[in-house]
Amino acid sequence: MSDIILSGRNLSKSYKQRTGKLGLGSAHVKALDDVSVDLRQGSTLAIVGESGSGKSTLARCLLQLQPLDGGEVLFQGRDLAKLSRSALRAERRYLQMVFQDPFASLNPRMRVGEIVGEGLLIHQLGNQHEQRAKVVKMLKRVGLTEADMQKYPHEFSGGQRQRIGIARALVLEPRVVVCDEPVSALDVSIQAQILLLLKELQQEMALSYLFISHDLRVVRHIADEVAVMHQGKLIEQGDVASIYDAPTEEYTRNLLQSIPGRRALAA
């Protein structure tokens, strides 16, 4: 049996973009151009590239948060695009996302307990007592406390808010988690703590991560495989060692050379 849990096949996605001095013209920009990726069970696949390379569009299309122009997305062998609305909603429990900005991704009007437990309500998982117990357990697992349930997001630091976002995603016991630049808005010292937490949770819960990032310094510490995107195309893919030590594409070498403190690679 294949160990691939999530697969994108020949994915394409275009956006209409205004052109000209007055913005009266338009052109189609290919955000995804025949992209195929496989995420293996229990592993981390990092999608890297500069801003505008298409990596975040890829993540959202894989989760069916944006419609594709072409291609198919297979989750545990099932084509998500062919599912009914109710069936897709049921599958979404197992496909969760941790967002880039821990300040913008949490509803400021909701208490932390409500934020983390919202998915349990939506998917009707357990009674009120069971839901509360799950929320408390997950908050403690990410380094927060039961008392934090009654607080609002503004009462927490950036790193703590990201822990709330992680708890919200994992309380549903997903199988795949898309991490879209999950540490880019945090201080370097806090980044290391969040990456360590993500790795620990991955082992405990048998999670598969799709890790979106522009920072190859961060990626090296968490990924098993790396896929490099440039202008909507996937130009290079391989295990971490091969990508970092022997990249085949000039674009990848330039990305690696931009890592602070890294020696320039031989061309």
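The values are calculated or read from the model by the stated rules, or taken from the named source; none is laboratory data. Predicted model only: the values in this text are computed from it and were never measured. Every residue, glycine among them, receives a Cβ derived from its backbone with ideal geometry; neighbour counts consider all protein chains shown.
Number of residues in the stretch 111-158 that are in contact with a helix residue (DSSP H, G or I) (Cβ under 8 Å, 6 or more places away or on another chain) and in a helix (DSSP H, G or I): the value is 24. Residues in the stretch 159-195 that are part of a strand (DSSP E or B) and of a type in the set (A, V, I, L, M) were compared, and the one that is surrounded by the fewest Cβ atoms within 10 Å (Cβ to Cβ) is V176.
Quick grid of which residues meet (1) under 18 Å from Q150 (Cα atoms); (2) in contact with an Asp or Glu (Cβ under 6 Å, 6 or more places away or on another chain); (3) of a type outside the set (D, E, K, R):
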site	(1), (2), (3)
R89	no, no, no
Q96	no, no, yes
R111	yes, no, no
Q124	no, no, yes
H129	yes, no, yes
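On inspection, A87 passes the criterion of being farther than 21 Å from K233 by Cβ and small (G, A, S).
For V112, are the conditions met, namely being over 23 Å from S213 (Cβ atoms) and buried (at least 21 other Cβ atoms within 10 Å of the Cβ)? So V112 fits the description; yes.
Among strands (runs of 3 or more DSSP E) entirely within the stretch 1-101, having at least 2 residues that are touching a strand residue (DSSP E or B) at 6+ places or on another chain (Cβ under 6 Å), within 28 Å of E250 (Cα to Cα) and touching a residue at least 40 places away in the same chain (Cβ under 8 Å) singles out 4-19, 25-40, 44-48. Got at least one residue in the stretch 196-205 being buried (at least 18 other Cβ atoms within 10 Å of the Cβ), of a type outside the set (S, T, N, Q) and modelled with pLDDT of 95 or more? Yes, some residue in the stretch 196-205 is buried (at least 18 other Cβ atoms within 10 Å of the Cβ), of a type outside the set (S, T, N, Q) and modelled with pLDDT of 95 or more. Filter the stretch 18-50 for residues that are in contact with a Phe, Trp or Tyr (Cβ under 8 Å, 6 or more places away or on another chain) and farther than 21 Å from K199 by Cβ; which is modelled with the lowest pLDDT? The extreme case among them is H28. Residue count for the stretch 212-267, restricted to those that are modelled with pLDDT under 90, part of a helix (DSSP H, G or I) and hydrophobic (A, V, I, L, M, F, W, C): 4.
Residue count for the stretch 131-156 satisfying the condition of being surrounded by fewer than 13 Cβ atoms within 10 Å (Cβ to Cβ) and either in contact (Cβ under 8 Å) with a residue 24 or more places away in the chain or aliphatic (A, V, I, L, M) (or both): 4.
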